[in-house]
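Notes to accompany the following structure.
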Amino acid sequence: MARRDYSSDVAMREAMAAVLRKGRSILNLKAFVEESLGVDAWNRLLAAQPQTDRSVLVSVQPDCWYDMEIHARINRAICDVLYDGNLAAAESLGRFSAERDMFVMCRRIMKFMSTSLIFQLMNVYWRQDESCGLWHTRLVGHDLVATLSGWRVADSVLCRRILGYIRRTLELCGVALDLECAEHDECCALGDRSCVFRFRWQHQSEPALVSEYADKFSRVPELDSLFRSIVDIAHVRLSFPYVETWVQSGSSGELTSYQSFGVKRSGIVHSYLLQIGNNRMGRLDVEAHDDSRLDVLGDMIPWLAQMLHDALLSSEQTTTLRSFHLRLRLAQRAWKLTLRETDILELLLRGLTNEAIAKRLGLSISTIEQYVTRILDKSDTRNRSTLCWVFWIEL
């Protein structure tokens, strides 16, 4: 069977012998076709595939691993069947996937990074969805040179898609590229040992860069989205097993835990203060088993501190939102709620019905009703109205 789920460590080690890619890539293809050509185009494409591929493609899961051959065949089929063999469609696919993968807040943070730091993160991003392959990057004059080695795939269509993906990622990160100078001059599909991608950026004067950064800083992010972005980079992208964010609470200046993700193990917890001058606004704690990614995170701290400062000075709506999430974390601890129960509590407090919650989380209504009953029991309340009163007034 083509579909494989390698969620356990043992299965993952076995999978490394083959070339695999996460299903998220296939779902990006589906979204690209449906948004560009309509749902009928995707159905027409599926009908033209072998039965073994169709049985996999109709039930793809984003975090499951799939044989690279299926990815290669569906990429090529899109170019051949829907775009009359035009390989430029593969690059458009890559650009589309980059825009879907890099949500808005992540783009904002990465725009404050240097180009070299963005390239340091390339391997981190790559290993989220690929079972093999290693990126080596270097700057040669005004050329950004990225070499992909150890990727046992020789397919020109996939390489064109990667070219488009990297190109769009760099653009979203604020790198000013010369659009006429993006090349893939060495390729495994042509017999070369590695795939090499070259990009040329446009020179900007120092005053222009200062003006650009000032403009970016003026776009104040909303607090909750900012912390989600920090956690996404630290926990998901940089693979720290435990991440906890803290924010200043009240006039005393004490820091209160805002969000935590993962489970503390036996590693060393490193703390980074988010402050400007003597103004301590928050803290980021990460657990690391080695120091390989701490330098990357450390380079980001000054930018994150500035963005947190701006977020805390924003509107009353932000203050209310901050209070809501602080109370939500307090309720989770006081009532000993599970992560799923906390998610459902948040949706309850936002006024969603059981039916709406079930649809959003992909669960049955009866399951949601069971969760709501548990939340009411743990909070010692009889109904939603009492729950809201206790949450906002008595907690």
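The values are calculated or read from the model by the stated rules, or taken from the named source; none is laboratory data. All values derive from a computational prediction rather than experimental measurement. We place every Cβ from the backbone using ideal geometry, glycine too, and count neighbours over all the protein chains shown.
Observations, loosely collected:
- With respect to the conditions (1) over 30 Å from T386 (Cα atoms); (2) modelled with pLDDT of 80 or more, R360 lacks only one, and its number is (1).
- Leading residue by the ranking (farthest from the chain's Cα centre (by Cα)) among those in the range 280-305 that are assigned to a helix (DSSP H, G or I) and surrounded by 17 or more Cβ atoms within 10 Å (Cβ to Cβ): A305
- Qualifying residue in the range 305-326 (condition: modelled with pLDDT of 75 or more and farther than 26 Å from E346 by Cα): yes
- Residue match in the range 378-388 (condition: of a type in the set (A, V, I, L, M, F, W, C) and either modelled with pLDDT of 75 or more or in a loop (DSSP other than H, G, I, E, B) (or both)): yes
- Residues in the range 239-279 that are loosely packed, with under 12 Cβ neighbours inside 10 Å, touching a strand residue (DSSP E or B) at 6+ places or on another chain (Cβ under 7 Å) and modelled with pLDDT under 90: G253, V263, R265, I268.
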